[in-house]
1. Can you name the condition, by its number, that Q85 falls short on among (1) in contact with a Phe, Trp or Tyr (Cβ under 6 Å, 6 or more places away or on another chain); (2) modelled with pLDDT of 85 or more?
2. Scan region 32-66 residue by residue and report those that are under 14 Å from the mean Cα position of the chain (by Cα) and among the small types (G, A, S).
3. Among the residues that make up region 76-92, is at least one of them outside any helix (DSSP H, G or I), out of contact with any Asp or Glu (no Cβ under 6 Å at 6 or more places or on another chain), β-branched (V, I, T) and surrounded by 10 or more Cβ atoms within 10 Å (Cβ to Cβ)?
4. Cβ-Cβ below 7 Å, separation at least six or inter-chain, first residue in region 19-46 and closer than 20 Å to E7 by Cβ, second outside any helix (DSSP H, G or I) and of a type in the set (S, T, Y): which pairs?
5. Going residue by residue through region 20-35, is there one that turns out to be in a helix (DSSP H, G or I), hydroxyl-bearing (S, T, Y) and surrounded by 10 or more Cβ atoms within 10 Å (Cβ to Cβ)?
6. Just one of R52, R13 is among the charged types (D, E, K, R) and in contact with an Asp or Glu (Cβ under 9 Å, 6 or more places away or on another chain); which is it?
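The values are calculated or read from the model by the stated rules, or taken from the named source; none is laboratory data. Every value quoted in this text rests on a predicted model; they were computed, and no experiment measured them. Cβ atoms come from the backbone with ideal geometry, glycine included; neighbour counts cover every protein chain shown.
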Amino acid sequence: MATIIAEVYDAFRSASAEEREARNAAQALSESLAPHEDIQNLKGDLDKLGERIDKLDDRVASLAVVVKTQTWMLGLVVLVVVVPQLVTWFST
């Protein structure tokens, strides 16, 4: 069954259109507006997707801080443990 916009149908009827013509016109208008509703739904979905991407950006930034910290920690371990060992190996 076709969807019609009741307000449009009522407006056509109050403008002295016959019932069948008013129904057909309201149905045609409803069908022509359907793609616009789809576009609005897509815009809403894109907004939600943008919010999710922003949250992911924040998470990636926090992971970058963790990786940077761990890199410094590994560098200190190499400096404290590995370098003295290398010095003893090459000094003999």
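1. Going through (1) in contact with a Phe, Trp or Tyr (Cβ under 6 Å, 6 or more places away or on another chain); (2) modelled with pLDDT of 85 or more one by one, Q85 breaks only (1).
2. Once the filter is applied, which keeps residues that are under 14 Å from the mean Cα position of the chain (by Cα) and among the small types (G, A, S), region 32-66 yields G44, G50.
3. The initial filter retains those residues of region 76-92 that are outside any helix (DSSP H, G or I), namely 92.
The next check asks that each one be out of contact with any Asp or Glu (no Cβ under 6 Å at 6 or more places or on another chain); those that pass are 92.
Then drop every residue that is not β-branched (V, I, T), which leaves 92.
With surrounded by 10 or more Cβ atoms within 10 Å (Cβ to Cβ) added as a condition, the list becomes none.
Within region 76-92, not a single residue is outside any helix (DSSP H, G or I), out of contact with any Asp or Glu (no Cβ under 6 Å at 6 or more places or on another chain), β-branched (V, I, T) and surrounded by 10 or more Cβ atoms within 10 Å (Cβ to Cβ).
4. Sorted first by the residue in region 19-46, then by its partner, the pairs are S30/T3.
5. Step one: filter region 20-35 for residues in a helix (DSSP H, G or I), giving 20-35.
Now narrow it down to the ones that are hydroxyl-bearing (S, T, Y): 30, 32.
This time we only want the ones that are surrounded by 10 or more Cβ atoms within 10 Å (Cβ to Cβ), so: 30.
Scanning region 20-35, I find at least one residue that is in a helix (DSSP H, G or I), hydroxyl-bearing (S, T, Y) and surrounded by 10 or more Cβ atoms within 10 Å (Cβ to Cβ), so the answer is yes.
6. On the way: R52 fails: in contact with an Asp or Glu (Cβ under 9 Å, 6 or more places away or on another chain).
From the options R52, R13, the qualifying one is R13.
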